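These notes are about the structure you will find just below.
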Amino acid sequence: MRETHSYATPTSEQFTRARRQRLVSVFGDITRSGAWRPRPKTSAIAVFGDIDLDLRQATLPPGGIRIGAIAPFGNLDIAVPSDAEVDVGGFTLFGSKKVAVDGAAPTETNTIITIRGFSLFGSMKVRSS
């Protein structure tokens, strides 16, 4: 007897949740702004390049977003919504890390944005305006 298998095609929402988004810039620039849909786990890597992520008009995932940012000899600039709860951590060696967010009070309805950044001779800026 021949077995038959039924494979369901994943919806775009399931596909978006399941995959990690990677943005890699080597000697170049990447800019994401306006209405876009970042994935819950996003990696931004800038090697001798620049990555600008503007999350203020983006449709953020319901459970929040976690961004892993690495900038050896590169620059990362992340703009976050003013009503988001932002948690920034990581380290910088021979570079700069600047965090200037409005700091919304934690509530059950706030979007949580977690950013872990590492830079070596690079810079990372996180701002809310």
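Annotations
- Under the condition of being crowded, with 20+ Cβ neighbours inside 10 Å and within 13 Å of the chain's Cα centre (by Cα), the residues counted in region 61-76 number 5.
- Among the residues making up region 66-102, those that are small (Gly, Ala, Ser) and either in a strand (DSSP E or B) or in contact with a Cys (Cβ under 9 Å, 6 or more places away or on another chain) (or both) are Gly68, Ala69, Ala71, Ala79, Gly89, Gly90, Ser96, Ala100.
- Whenever a residue of region 38-54 is under 9 Å from Arg20 (Cα atoms), its partners that are of a type in the set (S, T, N, Q) and in a strand (DSSP E or B), lying with C-beta atoms within less than 6 angstrom and at least six residues away or across chains, give the pairs Arg39/Gln21; Thr42/Gln21.
- Some residue of region 23-38 being in a loop (DSSP other than H, G, I, E, B), surrounded by fewer than 17 Cβ atoms within 10 Å (Cβ to Cβ) and at pLDDT below 90: no
The values are calculated or read from the model by the stated rules, or taken from the named source; none is laboratory data. Computed from a predicted structure; not experimentally measured. No Cβ is skipped: glycine too gets one built from the backbone with ideal geometry, and neighbour counts run over all protein chains shown.
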